[in-house]
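Only the coordinates and a few stated rules stand behind these numbers; no lab work does. For clarity, every value in this text was computed on a predicted model and none was experimentally measured. Virtual Cβ from ideal backbone geometry, glycine too; neighbours counted across all protein chains shown.
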Amino acid sequence: MTQSDLPDSDTLYAALLARDPAWEGRAFVAVVTTGIFCRLTCPAPKPLQRNCRFHPTVADCLAGGFRACKRCNPLGQLDPGHADLLAALRADPARRWSEADLQARGLDPSTLRRAFQRHFGQTFLGMARALRLAQAGRRLAAGERVIDAQLEAGFDSASGFRAAFARLTGHAPAALTGAGGLTASFLETPLGGMVAVCDGDAVRLLEFTERRTLAREMQALSRAVAGRIGLGRTDVTDRLEAELQRYFTGASAGFTLPLAPLGTTFQQRVWAALQEISPGQTLTYGALATRLGRPDAVRAVAAANAANPIAILIPCHRLIGADGSLTGYGGGLWRKERLIALERATMAGGESLDGVRLSA
């Protein structure tokens, strides 16, 4: 559903007052006086109609600069049937799912696709496919043959497997099985799968697997070391995984690892300045440009921010629009909102990303 598909405000406001479950997942209300958006079924007191703005997706609410309600949690809750499906995926990540499998569980594939796209930034079948490819990468790193990793990942076609792997990493699987100047690993986080590229001294890349620029960034790194990127882990990879674990559980909002992203001199300046923004704080693009002594270079700062190849550790999610709204984030606005919320909770001794209460 798009904005133009929504009914008039009177109809949606009546649904809000009635807490009508028929609109669950199909429309959300953003309240301009509080800066918060909710499900129409939210139990909180209802705002005046003149203060309501209705949107068809969570992404639209986040793009408008609204924060998710803590009572109805529009970012985190799924239909029980969808939650069971997610649990099944986590229990058996190697399973090859089809639309027929979803229908056999009483689920409508199109409804499921919209729900997962809204909550996770990718479809359920896309999520399952990414998990299988990540498992294939781990098998290749362990020395398995490409054909064995392909079949275990549920790909009958060798060409299909090569194409899917190349879209994800920028390299065909055979080009990643040998030792190279850099080492790539697949990591799992509460916000989805990530690809980490490290050498023996620093983190060179950290991206969510569905990031469209991932393949291009992998290819650029490979060219920089005049050779292919190998699959495996280094001591830096182990340290990175441990620090990410502390970050997502709210134990620490900071990182100590050395970083070595590939970029121009200006991009490096922007990325260094991003790391000076304290966890839980945000800064506008214009303010960062001013800090760099280039107040007229707002667009260049935004471009450098978008080109950041090391997510989270170089906190490009801490930059916001001039009006305070959450603006573009390569990993998805829903992730940006959750990362900022997590850091603020960590600094205040609040809750982790998984909702575990932290000690003050």
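With Cα atoms defining each centre, region 21-44 and region 219-293 are spaced 35 Å apart in the structure.
About its Cα centre, how strong a charge dipole does the chain have in debye, to the nearest 20, once Lys and Arg get +1 and Asp and Glu get -1 at the Cβ?
Charge dipole, the chain, about its Cα centre: 440 debye, nearest 20.
With both residues required to sit in the chain, DSSP beta bridges show an antiparallel share near 70%. Our summary of shape: the Cα atoms of region 3-68 have principal axis extents of 26, 25, 18 Å, ordered from largest down, in whole angstrom.
For region 265-347, the percent of C-alpha pairs falling in each 10 Å distance bin, counted from 0 to the bin holding the largest distance, reads 19, 58, 22, 1. Shown here is the pair-distance distribution of the chain: with all Cα-Cα distances grouped in 10 Å bins from zero up to the longest one, the shares run 5, 22, 30, 26, 13, 3, 0 percent.
If you average 1/r over all unlike Cα pairs in region 78-173 and invert the result, what Kirkwood radius do you get in angstrom? Before the final figure, lay out the partial values.
Values: mean 1/r = 0.0711 Å⁻¹.
Final number for the Kirkwood radius of region 78-173 is 14.1 Å.
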